[in-house]
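> Right, I'll just put the structure down here and ask away after.
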Amino acid sequence: MTETFIHPQAIVEKGATIGPSTRVWAFAHILAGAVIGRDCDICDHVFIENQVKVGDRVTIKCGVQLWDGVTLEDDVFVGPNATFTNDRFPRSKHYLDPYPQTVVRQGASIGANATILPGLTIGREAMVGAGAVVTRDVPDRAIVAGVPARIVGYVGAHRRPQVSLADYAALGEGVYDTGVRGVKVYRQKEIRDLRGCLSVGEFASSLPFLPRRYYVIYGVPSREVRGEHAHKTLHQFLVCLAGQCALVVDDGERREEIVLCSPTVGVYTPPMIWGVQYKFSPDAVLLVLASDPYDADDYIREYDEFLVMLATHRSALTS
Ligand code: TYD
């Protein structure tokens with residue numbers, strides 16, 4: 001079916017653009033300037049203002065208002081009674097020009113009754129939990145929950161059972177593959193005696209490269225997220241010397257979350273792996289050994305750019 005369906009009790013103002021196969025249900029009201037794509041579901045009691053763009057295959061459940069400045073990209077889901085805002089300091093009869101732009105990127109979902117503050121970007125395929133109050137941009141594929149919303153996970157990043165907290169003690173000395181291309185978990189030698197514990201790795205016999213730099217991450221305020229980038233040529237080796245933190249490693253196809261909570265365990269990440277570090281305990285001290293001096297040009301900071309570079313990299317290898 002390619003025909004647009006407008007319920008007889010809906011109000012679609014003259015001039016509004018509604019794409020083919022889109023269904024607008026009862027008591028929805030769409031203002032003249034709104035642009036809505038194809039195959040969308042606009043459920044009962046949705047209100048859409050003029051400066052609003054909605055992509056294709058978007059679902060907007062009952063009781064949602066999209067104010068001027070809101071853009072929903074393709075395949076977005078907005079749960080019932082989720083609330084958008086477009087003024088950080090609203091006063092009666094005061095109007096902004098222009099309104100802050102709120103963008104919900106492709107494939108993201110917003111849970112029922114969540115509130116999105118003005119001018120934020122909800123990343124591609126991100127998941128906002130029901131009732132969350134989102135006060136900051138949400139990175140691509142992040143799962144956020146709570147008030148204020150915090151990152152609690154990444155879509156598709158499954159924790160590896162063999163490196164979970166409980167299993168660390170059981171891991172014997174050795175190098176373990178992960179499901180992510182080239183990323184390896186190193187369980188280093190540990191010597192325990194009455195005087196305490198000692199853990200050691202030797203370059204380059206038991207460690208994957210010769211480092212030319214180290215840096216240490218510590219004092220991370222609760223639940224902050226670091227990383228969110230890949231490196232073009234840099235090799236890194238990460239060891240959590242105290243406390244604990246979680247790493248998400250992603251090769252563009254597979255994604256895993258690894259909890260680091262022992263100075264005897266290191267994670268090796270080769271170039272072209274997207275990495276995130278988060279869930280730092282207050283006492284966490286993360287040591288990172290790096291194969292080269294700091295070079296800002298070695299960073300890839302946009303996930304989309306990372307995917308494009310990976311595709312180019314692969315086609316160069318196969319041609
Ligand atoms: P960045 O790598 O962006 O941190 P993270 O990935 O943990 O969020 O670095 C933060 C800042 O520190 C940035 O201004 C660059 C600087 N920096 C150096 O000067 N040298 C280094 O070796 C590193 C890793 C960072």
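The values are calculated or read from the model by the stated rules, or taken from the named source; none is laboratory data. For clarity, every value in this text was computed on a predicted model and none was experimentally measured. Cβ: placed from backbone, ideal geometry, glycine included. Neighbour counts: every protein chain shown. Just so you know, the surface numbers come from the protein's heavy atoms only, side chains and all, with ligands and any DNA or RNA stripped out. Shrake-Rupley method; radii C 1.70, N 1.55, O 1.52, S 1.80 Å.
> Just to be sure before I move on: is Tyr294 among the hydroxyl-bearing types (Ser, Thr, Tyr), out of contact with any strand residue (DSSP E or B) (no Cβ under 6 Å at 6 or more places or on another chain), within 14 Å of the ligand (Cβ to nearest atom) and open to solvent by 30 Å² or more (accessible area, probe 1.4 Å) in the structure I sent?
Yes: the conditions hold for Tyr294.
Residue by residue, here is whether (1) of a type in the set (D, E, K, R); (2) in a strand (DSSP E or B); (3) within 16 Å of the ligand (Cβ to nearest atom) holds:
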residue	(1), (2), (3)
Glu257	yes, yes, no
Pro271	no, no, yes
Phe280	no, no, yes
Asp283	yes, no, no
Leu286	no, yes, yes
Asp304	yes, no, no
Leu310	no, no, no
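> Any idea which of (1) open to solvent by 30 Å² or more (accessible area, probe 1.4 Å); (2) more than 11 Å from the ligand (Cβ to nearest atom); (3) modelled with pLDDT under 95 is the one Arg195 doesn't satisfy?
(3)
> Of all residues in segment 220-239 being within 13 Å of the ligand (Cβ to nearest atom) and free of Cβ contacts under 8 Å to residues at least 60 places away in the same chain, which is nearest to Ala296 (Cα to Cα)?
Result: Gly227.
> Can we say Arg38 is under 16 Å from Ala108 (Cα atoms), open to solvent by 60 Å² or more (accessible area, probe 1.4 Å) and either modelled with pLDDT of 95 or more or not in a loop (DSSP other than H, G, I, E, B) (or both)? Give the derivation first.
Details: under 16 Å from Ala108 (Cα atoms): no; open to solvent by 60 Å² or more (accessible area, probe 1.4 Å): yes; either modelled with pLDDT of 95 or more or not in a loop (DSSP other than H, G, I, E, B) (or both): yes.
Answer is no for this residue.
> Right, next: Report, by residue number, each residue of segment 69-86 that is in a loop (DSSP other than H, G, I, E, B), open to solvent by less than 50 Å² (accessible area, probe 1.4 Å) and under 15 Å from Thr121 (Cα atoms).
Gly69, Val76, Thr85, Asn86
> If Gly182 meets every condition in (1) more than 30 Å from Gly131 (Cα to Cα); (2) in a strand (DSSP E or B); (3) modelled with pLDDT of 95 or more; (4) open to solvent by less than 70 Å² (accessible area, probe 1.4 Å) apart from one, which number is that one?
(2)
> Let me confirm something: among Asp44, Asp56, which residue is in the same structural domain as Thr2 (by TED's automatic domain parsing), out of contact with any Pro (no Cβ under 6 Å at 6 or more places or on another chain) and within 28 Å of Val155 (Cα to Cα)?
One residue alone meets the criteria, Asp56.
> Within the group Ala242, Ala246, Ala284, which residue is open to solvent by less than 30 Å² (accessible area, probe 1.4 Å), at pLDDT 95 or above and not assigned by TED's automatic domain parsing to the domain that holds Ala142?
Ala284
> I'd like to check which strands (runs of 3 or more DSSP E) are fully inside segment 207-252 and have at least 3 residues that are farther than 22 Å from Pro139 by Cα.
In segment 207-252, the matching strands (runs of 3 or more DSSP E) lie at 213-218, 236-242.
> Which of the following residues is among the hydroxyl-bearing types (Ser, Thr, Tyr) and modelled with pLDDT of 95 or more: Tyr278, Tyr303, Tyr218?
Tyr218
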